[in-house]
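Trainee: Before I ask anything, here is the structure I am working with.
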Amino acid sequence: MNISILLPLLGILLGGIFLSSQAPINAALARSLGDPVLAACVSFGIGFVILAAISVFRGAWPSGAAVAAAPWWSWFGGFLGAFYVAVVIWGVPQLGVVSTVAALILGQVAAALVLDAVGAFGLPVQPITWQRLLAAGMILGGLVLSRVG
């Protein structure tokens, strides 16, 4: 496998491991604090401090023109991330980590099929194929199996 494919794939796999670990960690924080929204706020606050420190160290601050030129919809990423963290903190204690992550992945793949098909956000169009639909169906099957027994 080409290294230009392997390194990002390994990084994304590690990110998946971290996300699966983040869910029960944040749920435990919510139990300790007594509030899932507060736990999400703390989680984002820590993430903000770390990312701000990295940005300061790198000197990576955009110009006002670059900020003004950003597409209007690009500012919703923080909202989507906040919703994700809050809903996972809420869902993990009720569904368990496997079912929560399976549902998240199913939602991601379903949305990705549509986003690819329409070339959303300036991405190249990737058609919906039977193989992609089968992959989504297999994830749905995994979610169903994770809830049975």
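FYI, it's all coordinate maths here, none of it is from the lab. Treat the numbers as computed from the prediction; the structure is a model and nothing was measured. Don't worry about glycine lacking a Cβ; one is built from the backbone with ideal geometry, like all the others, and counts go over all protein chains shown.
Trainee: Take the alpha carbon gyration tensor of region 69-149, find the square roots of its eigenvalues, order them as a ≥ b ≥ c, and report rounded if a/c is under 1.5; if not, report prolate when a/b exceeds b/c, else oblate.
Mentor: Oblate, because a/c is 1.5 or more while a/b does not exceed b/c.
Trainee: At SER74 and LEU13, where each label point lies 7 Å from the Cα along Cα→Cβ, what is the point-to-point distance in nanometres?
Mentor: So the label points at SER74 and LEU13 sit 3.2 nm apart.
Trainee: Report, in whole Å, the centroid distance computed from the Cα atoms of region 33-76 and region 117-149.
Mentor: Cα centroid of region 33-76 versus Cα centroid of region 117-149: 30 Å apart.
Trainee: Could you put MET1, MET138 in order, starting from the residue whose Cβ has the fewest other Cβ atoms within 10 Å?
Mentor: MET1, MET138
Trainee: Given region 3-147, what whole percent of its Cα pairs are spread farther than 20 Å?
Mentor: The answer is 64 percent, as a whole percent.
Trainee: Find the relative contact order for the chain and round it to a whole percent, using C-alpha pairs within less than 8 Å whose residues are 6+ positions apart.
Mentor: 23 percent
Trainee: For the chain, what does -39500 (n - 2.57) per DSSP helix run (n ≥ 4), summed and divided by total residues, give at 222 nm, in deg cm²/dmol to the nearest 500?
Mentor: So the helix-based figure for the chain works out to -27500 deg cm²/dmol.
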